[in-house]
1. Looking only at residues in the range 328-353 that are at pLDDT 90 or above and exposed (fewer than 14 other Cβ atoms within 10 Å of the Cβ), which one is nearest to GLU420 (Cα to Cα)?
2. Restricting attention to the range 358-372, which residues are surrounded by fewer than 16 Cβ atoms within 10 Å (Cβ to Cβ) and not in a helix (DSSP H, G or I)?
3. Residues that are in contact (Cβ under 8 Å) with a residue 40 or more places away in the chain and not basic (Lys, Arg): find the helices (runs of 4 or more DSSP H) completely inside the range 222-340 holding 3 or more of those.
4. Give the number of residues within the range 531-570 that are part of a helix (DSSP H, G or I) and open to solvent by 50 Å² or more (accessible area, probe 1.4 Å).
5. Inside the range 483-498, can you point out the residues that are out of contact with any Cys (no Cβ under 6 Å at 6 or more places or on another chain) and either of a type in the set (Gly, Ala, Ser) or part of a loop (DSSP other than H, G, I, E, B) (or both)?
6. Go through the range 73-100 and give me each residue that's open to solvent by 10 Å² or more (accessible area, probe 1.4 Å) and under 18 Å from MET117 (Cα atoms).
7. When the range 586-604 is examined, which residues are found to be buried (at least 19 other Cβ atoms within 10 Å of the Cβ), more than 16 Å from ILE474 (Cα to Cα) and out of contact with any strand residue (DSSP E or B) (no Cβ under 9 Å at 6 or more places or on another chain)?
8. Within the range 436-484, work out how many residues are surrounded by 16 or more Cβ atoms within 10 Å (Cβ to Cβ), among the aliphatic types (A, V, I, L, M) and in contact with a helix residue (DSSP H, G or I) (Cβ under 8 Å, 6 or more places away or on another chain).
Amino acid sequence: MGEKNQAIMKHGDLHLLITHFWALIPRGGSLPDEVWRQRHQIILRIQHVQGLSLFCLALFTGHGLVASILGGMLVSGLALLAASDRLTRHPRAALASMSAFASSALLVHYSGGYIEMHFHFFVMVALIALYQDWLPFLVNLGLVVVHHGTIGVLAPSSVYNHAAALAHPWTWALIHGAFVLAETAAILTYWRLNELANQELMATEQRFRLVIESAPNGMLISDGNGAIILVNAQVERCFGYQREELLGQPVECLIAERHRGWYQTLRTAFCQAPTVRDMNSLPDLFGRRKDGTAFPVEFSLTPIETSTGRQVLASIVDITERKQAKSKQTRLLTVLNASLNEIYMFRTDTLRFTYVNQSALDNLGYTLEAMQALTPIDIKPEVTEASFRELVNPLLTGEQAQLIFQTVHQRKNGSTYSVEVHLQVVGQGEERTFLAFIYDVTARKQQEHRQATEHAITQLLLESNTLEEAVPGILERICRTLDWNVGVLWRVDEEMQVLRCAEVWGEQHTDCAQFIERTRQSNFAMGIGLPGRVWKSRRVEWITDVTRDDNFPRAPYAVDAGLHAAFAFPIGSGDRLHGVIEFFATALREPDQKLLDMVDGLAGQVSQFLDRKQTEQRLQQAKDQAEQAVREKAQVLATVEAFFIGVTDQGTVSEWTNR
């Protein structure tokens, strides 16, 4: 049993040894056709030169014209036969090998067997090894061995020129063969290593070609002159050519005619400074299909260094669909930006804005870049992040398709306005985003507030007996409903001809205490301060910022209180001015015509109220006077002793005394 195992082990070692030895042996025939053709042409040129050289050498050494011609013709003739395209690679290489052997044999023969000339055999063996093909190599090697042995016996003086070799030609043939064998081993080693390197190179090239072929974009490779040497299937589909039609053609044939000059200039600059380059500096670069139609493309160039020189890898992308999508997006953005309503898009995770239309930017006073760093919470002062996420959660969970709610937006300058929000989620998966359409309901809210204010003031005036009784409610109602912070009533002091503060209402949470106190202590002559201006002009006056007004004595106190906008209007009846009502706000406000119209109406209501109250007062006074006269007359008659009878013009008794 042990001997059998040892035999198996020895058999395995032998098989392993043979396998390793076989791995060292070149396979042959691995050269690409183009490389083989180039090497074959070089070898044939060398043989033609050697044929001519041998002809000259034969003449010089006195072998006669015929022998010289025959020798030269033998070498060159075999080379001519090897040049025939009708033959395949193997016979052509074998003929070239015979020509190389003949040149070595004739050189030794013409030299009289000089031992130094035998080195030519070594050179020719190495030369034929360039084919990396066993047939020509073995032909050349076999002819060398046979020549040294056979010719050495039959005509030793044609091969050797020393006595030992002439006496023992086969011995010296074996000696020469040993050296040839050593050269052969070196050549085979180089040959095999070269094959392995070429196999790896070919495998790399094959992988590269597979990558190029499977690329989703059009890919082509051109040489340093711009001629196409490789294209993938995408180029065929994109441009409508067969790849055989494009090989050898300039890359410019795929560029629209109007851009070819530009492309040539850019390619020249690229070749001078070869770096990865995007060739899209021209806004609209168009390619050209085989049928002549043009279409938008993107070009990018990448330099490739190869053993045959620099090549250029071009990536080509048909961007027709992208252009169409971009055009649609541009039209959509144009529509969105043209909308008078505000439109926002913001992320579902971070809540940061991704798109804000122009109407929103103009209203808020921000740039798009600034808005993209903000969230809805930053422009909604009444909302916290927690409350907002709770509000929109039904949209994210799918419980609701849309949310509609009202809130307040804050501009960059701090002013606010009322809005109605229509919010929904659009997109799927990671592309989901919030889309909000915002309607500015400030005008509607203000109109509602103005109508409510007018109604409330009308009710106050109906329920009040005097202006002093109605004014506190009027001041508070206007301030609370129309967002003003301080309201003041000024009454005319007829004797001193000044306006004096009669009533003040102010929000308790504002820092207006000193301003209100100063207002109570102030009085204004006609034309001085805001109340004085109204007294003089007898019309509504508006100040956008009292802190910058030259005719506002209370400006320092307004600055401390943070008050800015103000307006005032006169109240009176007929030509008589009873007083002035003024209001202040902490925000900067431009004149609001609708508010001014409401104030005119309010002034008219107050005027009617005053006129009615004056009429009621006069009637009451007349009534009181009549009743007083009756009482006085009755008292007079009661004290007279005579009897009186009153008779009308018609003779009817109208009154009489008891006596």
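1. Looking at the filtered set, the residue picked out is ARG347.
2. Scanning the range 358-372 gives GLY365, THR367, GLN372.
3. In the range 222-340, the matching helices (runs of 4 or more DSSP H) lie at 233-239.
4. 7
5. Those that are out of contact with any Cys (no Cβ under 6 Å at 6 or more places or on another chain) and either of a type in the set (Gly, Ala, Ser) or part of a loop (DSSP other than H, G, I, E, B) (or both): ASP483, TRP484, ASN485, GLU494, GLU495, MET496, GLN497.
6. MET98
7. Across the range 586-604, there are no qualifying residues.
8. The qualifying residues number 11.
The values are calculated or read from the model by the stated rules, or taken from the named source; none is laboratory data. Note that the structure is a prediction, hence the values are computed from the model and not measured. Note that each Cβ is placed from the backbone with ideal geometry, even for glycine, and that neighbours are counted across all protein chains shown. Note: accessible area is taken over every heavy atom of the protein model, side chains too, but ligands, DNA and RNA are not part of it. Shrake-Rupley method; radii C 1.70, N 1.55, O 1.52, S 1.80 Å.
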